[in-house]
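Presented below is the structure to which this report refers.
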Amino acid sequence: MKRLISAVLPLAATMLGAPSFAHHSQAMFDTSKEIVIEGTVSQFDWTNPHMYLTVETKGPDGKPALVEGEGLGITQALVDGLKREDLKPGTPVVMRANPNRGGWGKQVRILDVTTQDGEIHPFYEANRRTRTLTPAESIAGHWAPNRAALGAGFGAMARFPVTPEGRAAQAKLIADGLCYVEPIPFLAVLDELRTIEVGKDNVVMKFDNTGDHVDRIIPITAKHPANITPSRQGSSIGRWDGDTLVIDTIAFEPDPSGLGANVPSSAGKHTVERLTLADDHLRLRYEVTVEDPVYLTGPGTLTQQWDHRPDLEFSQDTGKCDAKAAARYKQGL
């Protein structure tokens, strides 16, 4: 199970509307500007952890040119309604994007793409179509944060009270550009499908993480077992507080991005999650408190809403994180 790392989470606090900082550093893109590129689809690489759309257009000199644009991971795109078959080679498109700070001809960051029928296909920009949600009976079911909830989650993580040691480690970008599955809280924040199965003795949470599935089995018990072997996702136990599921997790192994975005975590990391069905049953309220004696000066807290999405299934059209695709963004630097 792998995941490409984000390097610029601290920027999130001022950019809650869009996940412009997801997966790796996006400093090469000028997110304060937009450009419009008109042409036809030359190639659409439907890859994880990022997809790439190449548009054949004309350059400033009037000569034919190819412009490559980066998009999100497949699992995120599917949650937001992007369809691979809508952007076949030869399709006339208008691509709206953030330009590369390096100038014309370098990779851009795709916001959305409009086809001749007027349909707007979302990439980093959230889907503009209204989605009708259906109510859930309990916290069991299929859930996914929407794009706004993703931005709010990243903003909350950006405000975690990270120690100077943590910031110094983050600046080294040790995990940036790697295929890598980060543990909670980052894993829980992403706008990808997660399912919850509630049994008598345990709760099972499954995450669709850019093609690499993560399963968390949470026994309903009062105490953690003795002699736990540390792991990336830690050891979890659950209890019910009324209708709220409370998950207590310890025994995390030290991780170079355990607090998200290259902020490391220590063996002392401890998380408490609370999952509560909203009053209207359309969303689930997810709360997590993170403690780390080495890399946080105090508890970090995060609250997010997950939409009820029974229309989603774990996708077979993803493929695992591709190491070449993971490093491809570096070509645009």
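The values are calculated or read from the model by the stated rules, or taken from the named source; none is laboratory data. In this text, all values refer to a predicted model and were calculated from it rather than measured experimentally. Methodologically, a virtual Cβ is constructed for each residue, glycine included, from the backbone with ideal geometry; neighbour enumeration extends over all protein chains shown. Areas reflect the complete protein model, heavy atoms only, side chains present, ligands, DNA and RNA absent. Shrake-Rupley method; radii C 1.70, N 1.55, O 1.52, S 1.80 Å.
Quick one: is residue 281 within 29 Å of residue 126 (Cα to Cα), assigned to a strand (DSSP E or B) and not acidic (Asp, Glu)?
Numbers: within 29 Å of residue 126 (Cα to Cα): yes; assigned to a strand (DSSP E or B): no; not acidic (Asp, Glu): yes.
So residue 281 fails the test.
Looking for something within 15 Å of residue 156 (Cβ to Cβ), assigned to a loop (DSSP other than H, G, I, E, B) and open to solvent by 20 Å² or more (accessible area, probe 1.4 Å) - is there at least one such residue anywhere in the range 299-310? Talk me through it step by step, then tell me what you get.
First, pick out the residues of the range 299-310 that are within 15 Å of residue 156 (Cβ to Cβ): 299-306.
With the extra rule that they be assigned to a loop (DSSP other than H, G, I, E, B), the set shrinks to 299.
Those still in the list that are open to solvent by 20 Å² or more (accessible area, probe 1.4 Å) too: 299.
Yes, the range 299-310 contains a residue that is within 15 Å of residue 156 (Cβ to Cβ), assigned to a loop (DSSP other than H, G, I, E, B) and open to solvent by 20 Å² or more (accessible area, probe 1.4 Å).
Being open to solvent by 20 Å² or more (accessible area, probe 1.4 Å) and either among the charged types (D, E, K, R) or within 22 Å of residue 198 (Cβ to Cβ) (or both) is the filter here, so list the residues in the range 252-263 that pass it. Before the answer, list the steps.
Step one: of the range 252-263, the residues open to solvent by 20 Å² or more (accessible area, probe 1.4 Å) are 253-254, 256.
Residue satisfying the conditions is 253 alone.
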Report summary line: For the range 136-158 the number of residues that are out of contact with any Pro (no Cβ under 9 Å at 6 or more places or on another chain) and either of a type in the set (A, V, I, L, M, F, W, C) or surrounded by 12 or more Cβ atoms within 10 Å (Cβ to Cβ) (or both) is 10
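Rundown of residues vs (1) in contact (Cβ under 8 Å) with a residue 60 or more places away in the chain; (2) farther than 18 Å from residue 150 by Cβ; (3) in a helix (DSSP H, G or I); (4) out of contact with any strand residue (DSSP E or B) (no Cβ under 7 Å at 6 or more places or on another chain), yes/no style:
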position	(1), (2), (3), (4)
183	yes, no, no, no
188	yes, no, yes, no
192	yes, no, no, no
200	no, yes, no, yes
206	yes, yes, no, no
216	no, yes, no, no
Query raised in the report: Within the range 182-212, restricting attention to residues that are open to solvent by 70 Å² or more (accessible area, probe 1.4 Å) and among the acidic types (Asp, Glu), which residue is nearest to residue 159 (Cα to Cα)?
Result: 197
Report summary line: Scanning the range 80-106 residue by residue, those within 30 Å of residue 144 (Cα to Cα), open to solvent by 10 Å² or more (accessible area, probe 1.4 Å) and under 24 Å from the mean Cα position of the chain (by Cα) turn out to be 80, 81, 83, 84, 85, 86, 96, 99
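Scan the range 264-290 for residues that are over 23 Å from residue 139 (Cβ atoms) and surrounded by 16 or more Cβ atoms within 10 Å (Cβ to Cβ) and report the count.
Here is the first cut: in the range 264-290, the ones over 23 Å from residue 139 (Cβ atoms) are 264-269.
When the remaining residues are screened for being surrounded by 16 or more Cβ atoms within 10 Å (Cβ to Cβ), the result is 264-266, 269.
So the count comes out to 4.
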**Report entry** Every residue from the range 132-152 that is at pLDDT 95 or above, among the small types (Gly, Ala, Ser) and within 22 Å of the chain's Cα centre (by Cα)
**Finding:** 140, 141, 144
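Could you grab me the full set of residues in the range 73-99 that are within 17 Å of residue 39 (Cβ to Cβ) and not in a helix (DSSP H, G or I)? Can you show your working first?
Restricting attention to the range 73-99, the residues satisfying the condition of being within 17 Å of residue 39 (Cβ to Cβ) are 86-97, 99.
88, 89, 90, 91, 92, 93, 94, 95, 96, 97, 99, listed by residue number.
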Report task. Would you mind telling me which numbered condition in (1) in contact with a strand residue (DSSP E or B) (Cβ under 7 Å, 6 or more places away or on another chain); (2) open to solvent by 10 Å² or more (accessible area, probe 1.4 Å); (3) farther than 30 Å from residue 268 by Cα residue 161 fails? Result -> (3)
**Report entry** Of residues in the range 213-251 being of a type in the set (Ser, Thr, Tyr) and in contact with a Lys or Arg (Cβ under 9 Å, 6 or more places away or on another chain), the one least open to solvent (accessible area, probe 1.4 Å)
**Finding:** 249
Query - Residue selected from the range 107-128 under the condition outside any strand (DSSP E or B) and out of contact with any Asp or Glu (no Cβ under 9 Å at 6 or more places or on another chain), by the criterion least open to solvent (accessible area, probe 1.4 Å) - result: 118
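Looking only at strands (runs of 3 or more DSSP E) that fall completely inside the range 29-72, which ones have 1 or more residues that are aliphatic (A, V, I, L, M) and open to solvent by 40 Å² or more (accessible area, probe 1.4 Å)? Explain how you work it out, then say what you get.
Values: elements: 35-45, 52-58, 64-70.
The qualifying strands (runs of 3 or more DSSP E) are 35-45, 64-70.
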Query - Failed item, numbered, when residue 165 is tested on (1) part of a helix (DSSP H, G or I); (2) within 30 Å of residue 279 (Cβ to Cβ) - result: (2)
Query raised in the report: If residue 174 satisfies every condition in (1) assigned to a loop (DSSP other than H, G, I, E, B); (2) within 28 Å of residue 143 (Cα to Cα); (3) open to solvent by 10 Å² or more (accessible area, probe 1.4 Å); (4) not acidic (Asp, Glu) but one, which is the exception?
Result: (2)
